[in-house]
Amino acid sequence: MPPFHLAFPVRDLSATRAFYAGLLGCPVGREAERWIDFDFFGHQISAHLRPEALRPAGDPTNPVDGDAVPVRHFGAVLPWPTWEALGERLKAEGAAFLIEPRIRFAGEVGEQGTFFLQDPSGNALEFKSFRDPSRLFARPEAPGPS
């Protein structure tokens, strides 16, 4: 798949660098006085210093398999061992999870590992994995005629 690009607002570039490059391990790309690019698991994300563009606290959520999932979020779909290792490393480093690492939709078509974090500016991120990567876009089969 071709890499995607996402630009998003942040409150503080130093804290953003510490989170994405330091905590998540994303290499820093190009940067200027008001923005930083990161290699976000093979994709390009650009953090732009625009605190006035940030959403207020208390973003809306939707219930998903028992969790209050932030409606606005971005993230990465990782290979299962990478997802597990990242979750364990973040736990060991004391990361504050919005949603702790867990298995969602267990036994269903969309079974996946998932966890959510928030960057220092309040942007929500989801990291997920599928034991069977071919199920990324799979839909439950429609019930047959009765």
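For the reader, a short list of remarks on this structure follows.
- Longest site-free stretch - the chain; sites: GluC sites (Glu not before Pro), DSSP loop, at most 10 other Cβ within 10 Å: 34-92
- Binning the C-alpha pair distances of the range 1-51 at 10 Å intervals from 0 yields a P(r) profile of 29, 59, 12, 1 %, listed from the shortest bin outward.
- About the centre of its Cα atoms, the range 68-117 shows a dipole size close to 160 debye [charges on the beta carbon of Lys, Arg (+1) and Asp, Glu (-1) only; nearest 20 debye].
- Label zone at ALA57 (point 7 Å along Cα-to-Cβ), backbone N below 17 Å, the range 1-39: 11-12
- Each part reduced to its alpha carbon centroid, the range 61-100 and the range 117-140 end up 7 Å apart.
- Extension gain, VAL77-ALA138: 0.36 nm per intervening residue step, less the Cα-Cα distance, totals 20.5 nm.
- In the chain, the calculated helix contribution to ellipticity at 222 nm averages -3500 deg cm²/dmol per residue, counting -39,500 (n - 2.57) for every DSSP H run with n ≥ 4.
- Gain in span if fully extended, GLU111 to GLU31, counting 0.36 nm per residue against the direct Cα distance: 25.0 nm
- The range 31-118: equivalent-ellipsoid semi-axes (sqrt of 5 x gyration tensor eigenvalues, Cα, Å): 26, 18, 13
- Percent of beta bridges antiparallel (DSSP, the range 8-128, rounded to nearest 5): 75 percent
- Loop-located trypsin sites (Lys or Arg not before Pro) in the range 1-57 (DSSP state other than H, G, I, E, B) with a sparse environment of at most 12 neighbouring Cβ atoms within 10 Å: ARG34.
- Dipole orientation for the chain: of the candidates LEU23, ALA85, GLY110, LEU23 has the Cα lying most toward the positive pole (charges on Cβ; Lys, Arg +1; Asp, Glu -1).
- Loop-located chymotrypsin sites (Phe, Trp or Tyr not before Pro) in the range 49-126 (DSSP state other than H, G, I, E, B) with a sparse environment of at most 15 neighbouring Cβ atoms within 10 Å: PHE105.
- Degrees between helix 80-92 axis and first principal axis of the chain (Cα, 0 to 90, nearest 10): 50 degrees
Just so you know, all these numbers are worked out from the coordinates, no wet-lab data involved. As the structure is a computational prediction, the values presented were derived from the model and not from experiment. Here the Cβ is made from the backbone with ideal geometry for all residues, glycine too, and neighbour counts use every protein chain on show.
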